[in-house]
Structures are given as structure tokens and as C-alpha cells.
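Please treat every number below as a calculation from the coordinates, not as lab data. Here the structure is a predicted model, which means the values were calculated and not measured. Note that we place each Cβ from the backbone using ideal geometry, even for glycine, and neighbour counts take in every protein chain shown.
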Amino acid sequence: MKLFEMKHIKKSFGALDVLRDISLEVDQGEVLSIIGPSGSGKSTLLRCATGLEIPDSGEIIKNGKIGLVFQNFNLFPHFSVIKNIADAPIKVQKRDKKEVYAQARELLKKMGLSDKENYYPYQLSGGQQQRVSIARALCMNPDILFFDEPTSALDPELTGEILKVIKDLAAEHITMVIVTHEMNFAKDISDRIIFMDDGLIAVEGTPQEVFSSEHVRMKEFLGKFH
Ligand code: ADP
Ligand code: MG
């Protein structure tokens, strides 16, 4: 079943054509990774997908709720950990406070942060903050979770703990779209990979297909990781 679809999406900022004709589909249970050079339009694609940006043309079909995890965590600095997680489900989704707090605590446990519920974001490491922001996204019960470079603001030694969390979510068959520069991770976790270049999908396929592609820009891009 298709959970999400983009058809011929275009987006420009002034004279800059950032998304030039993007069509993609995400199936239930699928892990799709998006790779590509800086400036190729990956974040703009996710922002259009999650409603933070309105495309100039094209169509977006959503069959379910969407969650987004940002590169820089975007936690509310003046809210405790638990309030960061529970606030939107209570205020936006109008859910029962007790039920939401129970779910938030369950998610904190899953993220290994049970002892941190009354901490504030500044008291946590980057990896812990990102785990809170993943818990916050999950507490909205999304059908698809989008990640925009979830580890690129983290020190290398903290990257692994976030990749592990995402891998655990994949094992639970949570549908995910992940923009990442972690090539081995993308190869390992993805059902399908998209390589974006200059506002277009240049290569798309299984990890094997994409990483063995002869596409010139793709090979050039991968060369930077060796
Ligand atoms: P990526 O995530 O692949 O690095 P982005 O989608 O962030 O790429 O950006 C693609 C291009 O669009 C870049 O040149 C960037 O400067 C530009 N851009 C992104 N957002 C805006 C904006 N709100 N206003 C103007 N230019 C933007
Ligand atoms: Mg980006």
C-alpha cells in the first residue's frame, strides 16, 4: 500500500529552481533513503513532503500522518524533556493528558532516557537530544517518519547511537524516509535509495543497484566518501 506520493513536484526560490520535477512513492513498511550533494534539494523535498513548504506545482498524496525529525533537533529549550514530547499530542491532537504522558514515558524508556524526563534540552548531549526529538515525533503516532540528516549535527561517537535507534525502528517496520550522508548505514538499512542531483532524482533503486550505478555524478559523489 502506498502511504505517500509526490507527483511532478516543482519548487523555486526566486530564480533558483530547487526541485525541478520530483516524483516518488513510499510504500507501507518501506525504508527509503535519500542521498545526494549539499544543495541538491533534499531538505526542500522533505519540507514540501511534511507541509513546511508549499510546492509551486505538482501533487502530494498523503495516506496518513507524517512526522519529521530535524537535523538540529528543534527541541523547545524552555520545555522539559517530557513536555517536549507530550505538548503537541495534547494541544494539537487534543488527546488525553494521562494517555499521552504514559506513551511519552514508554517512548523515553525505549530511547534509554527514562531518567531524563525532567531535564531540559541544554542538560543533554546531542545524541540524547536527538533521541528526545525522535520520541517526540513518534508520540504523534505518525504513519511515516521523515528524517533530515539526523546525525549530521552530532559528533562521530554519538552518531552510532542514533543510527541504532533508527535501525530498531526499521526492525519494527516503521515506514521511514531518511536523508543521510551515512552511506554504509543507507546501504544497510534501506529497501530503496534515491540519489538526488540538482533538483532531480538522478538514480533510484535498491542499495545494490544505486551503489553500483555508473551514473557519473553518483560515482563522483560516492568518491567523496572514500
Ligand atoms: P540540501 O538539503 O540537499 O543540501 P536544500 O534543499 O537545503 O538542499 O537547498 C537547496 C537549495 O535551495 C540551496 O541552494 C539552498 O540555498 C536553497 N534554499 C533552500 N531553502 C531556501 C529558502 N527558504 N530560500 C531561498 N533559498 C533556499
Ligand atoms: Mg539539507
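For K7, give me every one of the aspartates and glutamates with a C-alpha distance below 20 angstrom, ignoring sequence neighbours fewer than eight places off in its own chain.
Counting by Cα, and skipping residues close in sequence, K7 has these aspartates and glutamates nearby: D17, D21, E25, D27, E30, E53, D56, E59, D143, D197, D198, E204.
Give the separation of the Cα centroids, the stretch 67-104 to the stretch 118-167, in Å.
Cα centroid of the stretch 67-104 versus Cα centroid of the stretch 118-167: 13 Å apart.
Can you list the residues, at least 5 places off or on another chain, whose amide H is less than 5 Å from the amide H of M196, using H built in the peptide plane?
I35, G36, A202
Could you list V216, V100 in order of exposure, starting from the residue whose Cβ has the fewest other Cβ atoms within 10 Å?
V216, V100
Report, ordered by chain and residue number, the aspartates and glutamates lying within cross-link reach of K164, taken as a straight Cα distance under 12 Å and ignoring same-chain residues fewer than 8 apart.
D188
Using the Cα centre of the chain as origin and beta-carbon charges of +1 (Lys, Arg) and -1 (Asp, Glu), tell me which of L3, V92, L138 is placed farthest towards the positive end of the dipole.
Of L3, V92, L138, it is V92.
Taking amide hydrogens as modeled 1.01 Å from N in the peptide plane, which residues meet the under 5 Å criterion relative to K65, leaving out close sequence neighbours?
D143, I144
Hey, got the Cα dimensions of the chain along the principal axes, in Å, largest first?
52, 38, 35
Give me the net charge of K187's neighbourhood, meaning all other residues with Cβ under 14 Å from the Cβ of K187; Lys, Arg count +1, Asp, Glu -1.
With Lys, Arg at +1 and Asp, Glu at -1, the neighbours total -2.
Give, as a single signed number, the net charge of other residues whose beta carbon lies under 11 Å from the beta carbon of I54, with Lys and Arg counted +1 and Asp and Glu -1.
Neighbour charge sum, excluding I54 itself: 0.
If amide hydrogens are placed 1.01 Å from N in the peptide plane, which non-local residues have theirs closer than 5 Å to the one on G39?
Sorted by chain and number, the residues that satisfy this come to none at all.
Less than 13 Å Cβ to Cβ from F146, Lys/Arg counted +1 and Asp/Glu -1: what total charge do the surrounding residues give?
-1
Given a cut-off of 21 Å, name the pairs among K42/K219; K83/K116; K62/K187; K42/K83; K110/K187; K42/K110 whose C-alpha atoms lie farther apart than that in the structure shown.
K62/K187; K42/K83; K110/K187; K42/K110, as the Cα separations exceed 21 Å there.
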